[in-house]
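Structure, as structure tokens:
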Amino acid sequence: MRHQCNRNRLGRPQDQRKALLRSLATELFLHGEITTTISKAKALKPYAEEIITLAKKGDLHSRRQAAKYIYDVKTPNFFDRESGEILTEQKEGKKLIPLTVLRKLFAQIGKEYENRNGGYTRIYHLPPRRGDGVEMALIQLV
């Protein structure tokens with residue numbers, strides 16, 4: 001029986017819903033904030049916070065689990081493995097690798113929230129969308 005097993009279904013089948021949440025989480029970690037509908041933002045909040053909790057652990061198993069929940073797209077920045085810093089351009093004499101969303105999540109976002117016990121995202125209500133009047137929201141990393 002599935003009593004009290006409610007989820008935000010977002011009017012989509014399971015595969016489309018998972019792909020939608022995965023792409024929203026990827027964009028949230030890439031840009032730091034996104035504008036979407038309130039229902040999508042409310043569905044994304046626990047999804048993103050679970051991924052950040054995995055990033056706080058930082059081990060290999062957590063990295064592989066987090067890779068299931070986001071798309072690992074490349075960003076225009078670079079990551080220095082030796083110092084652990086994120087650079088905007090390639091430098092001579094340094095061994096830099098392209099920065100992906102997964103690397104950014106574990107190198108930067110996970111480190112920012114290591115002393116925080118939850119509440120990694122915040123939802124702001126925005127005015128309705130002009131075309132169809134649906135309520136909009138801004139979800140951002142705290």
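Yes/no per residue for (1) polar (S, T, N, Q); (2) surrounded by 16 or more Cβ atoms within 10 Å (Cβ to Cβ); (3) outside any helix (DSSP H, G or I); (4) at positive phi:
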| site | (1), (2), (3), (4) |
| --- | --- |
| Cys5 | no, no, yes, no |
| Arg17 | no, yes, no, no |
| Ser23 | yes, no, no, no |
| Pro46 | no, no, no, no |
| Glu50 | no, no, no, no |
| Thr53 | yes, yes, no, no |
| Gln65 | yes, no, no, no |
(Q) Quick test of your reading of the structure: Val101 fulfils all but one of (1) buried (at least 18 other Cβ atoms within 10 Å of the Cβ); (2) closer than 28 Å to Asn6 by Cα. Name the failing condition by number. (A) (2)
Q | Hey, Phe29 under 17 Å from the mean Cα position of the chain (by Cα) and either surrounded by fewer than 13 Cβ atoms within 10 Å (Cβ to Cβ) or over 30 Å from Gly133 (Cβ atoms) (or both) or not | A | no
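Read the figures in this text as sums done on the coordinates, not as results from a lab. If you're wondering where the values come from, they're calculated on a predicted model, not measured in any experiment. Reconstructed Cβ throughout: ideal geometry from the backbone, glycine too, with neighbour counts over all protein chains shown.
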